[in-house]
Every structure is written in C-alpha cells, then in structure tokens.
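Below is one structure, written out as structure tokens; comments come after it.
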Amino acid sequence: MNLTRSRAYALSVIALALALHAYEQLVKSSTPSLGFFLWAMLPYGVCFVVLVRSRSGVPAALGVSVALVLDLIAHYDVFVNPTGSTAALALLVVPLWSALLFAPVVMLIAWLAVRRRSQMRNGAA
C-alpha cells in the first residue's frame, strides 16, 4: 500500500475515531463494552478494507470523513446535549447507517469521480 496524502489522511481520521470511541467507552460509559466499541468502529473497518484494496485512497478518505462527522454529531446528541431519553439509541443506529449507506455511497461517488478523472487524463494524453 503506497502511503499517499489521501491514505495518510484516512488513517489519521481512523485514529481520531479510535480515540473518540475509546473515550466514549472508557470515560463516558458506566460499563465499557468491547462489543459496542467494535460496533462503533464498523464503518471505519469497511472504509479500511476499501483503503487497502483500492489504488486510490480518496474514496476511503471521504468515507471515513463522513463516518466521523456522523459520529461527532451522535456524540454531541448523546453526551453533550441529549434531548430525550432515547438519545443513546444514536450510538446503535449511526454505525449501522454509516457502514451500510452513507460511507459506501460517498466512497462509490468518489471512486466514480477518480475513475472519470483518470479516464479523462488518459484520453487527453
């Protein structure tokens, strides 16, 4: 795996997500759970697989960025400004939606854009 700027960025965002979810489990949670930690890291695992298997790191970098933004919104809604008794359900739902919908769709769009750009470059040469 060639460590380009986009790959380094993606790995940095994954490290930030690790720190965020470790903080939630070790500091904010009354009973830390490895299962919930791994569940929260699911979207980043999906993006990491894409990062390792693709030629370009751009799709994975955008996928982890979307996943982290959604996780930060959920963190704010659950731990900083909870608006109801069901706010904690976001910690269960957000990783699912990030892993199955948001991150894959963003990565697909980014992959198509990178592919199109590559084709335009090769066609112009």
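Quickly work out the residue 112-to-residue 26 label distance, labels modelled 7 Å from Cα along the C-beta direction, and quote it in nm with one decimal.
4.1 nm
Counting each DSSP H run of 4 or more residues in the chain as -39500 (n - 2.57), what helix-only mean residue ellipticity at 222 nm follows after dividing by all residues, to the nearest 500 deg cm²/dmol?
Calculated at 222 nm, the ellipticity per residue is -22500 deg cm²/dmol.
Give me the distance in nm between label points sitting 7 Å out from Cα along the Cα-to-Cβ direction at residue 80 and residue 93, one decimal.
2.0 nm
Please compute the net charge surrounding residue 76, taking Lys and Arg as +1 and Asp and Glu as -1 over other residues with Cβ under 13 Å from its Cβ.
Numbers: positive: 28; negative: 24, 71, 77.
Around residue 76, the surrounding residues sum to -2.
Using a cut-off of 12 Å between beta-carbons, work out the net charge of the residues near residue 109 (Lys and Arg +1, Asp and Glu -1, residue 109 not included). Could you put the intermediate results ahead of the total?
Values: positive: 115, 116; negative: none.
Charge balance in the 12 Å sphere: +2.
How do the peptides 97-108, 32-43, 17-28, 77-88 rank, highest first, by the average count of neighbouring beta carbon atoms within 10 Å per residue? Don't skip to the answer; put the middle values down first.
Values: 97-108: 18.0, 32-43: 16.1, 17-28: 14.6, 77-88: 11.4.
Result, highest mean first: 97-108, 32-43, 17-28, 77-88.
Just tell me, in residue order, which DSSP H segments of the chain are both 20 angstrom or longer along the helix axis (alpha-carbon based) and at least -1.0 in mean Kyte-Doolittle hydropathy. Walk me through the intermediate numbers first.
Details: long enough: 5-23 (27 Å, 0.96); 58-75 (25 Å, 1.90); 103-124 (31 Å, 0.32).
Membrane-span-like by this rule: 5-23, 58-75, 103-124.
Rounded to the nearest 20 Debye, what is the dipole magnitude of the chain about its Cα centre when Lys and Arg each give +1 and Asp and Glu each give -1 at the C-beta? Could the numbers behind the result be given before it?
Values: 9 positive and 3 negative charges, 165 e Å.
Roughly 800 debye, rounded to the nearest 20.
Residues with beta-carbon under 15 Å from that of residue 42, excluding residue 42: net charge, scoring Lys, Arg +1 and Asp, Glu -1?
-2
Coordinate-derived values only; no laboratory data. Note that the structure is a prediction, hence the values are computed from the model and not measured. Heads up, the Cβs are rebuilt from the backbone with ideal geometry, glycines too, and the neighbour counts pull from every protein chain shown.
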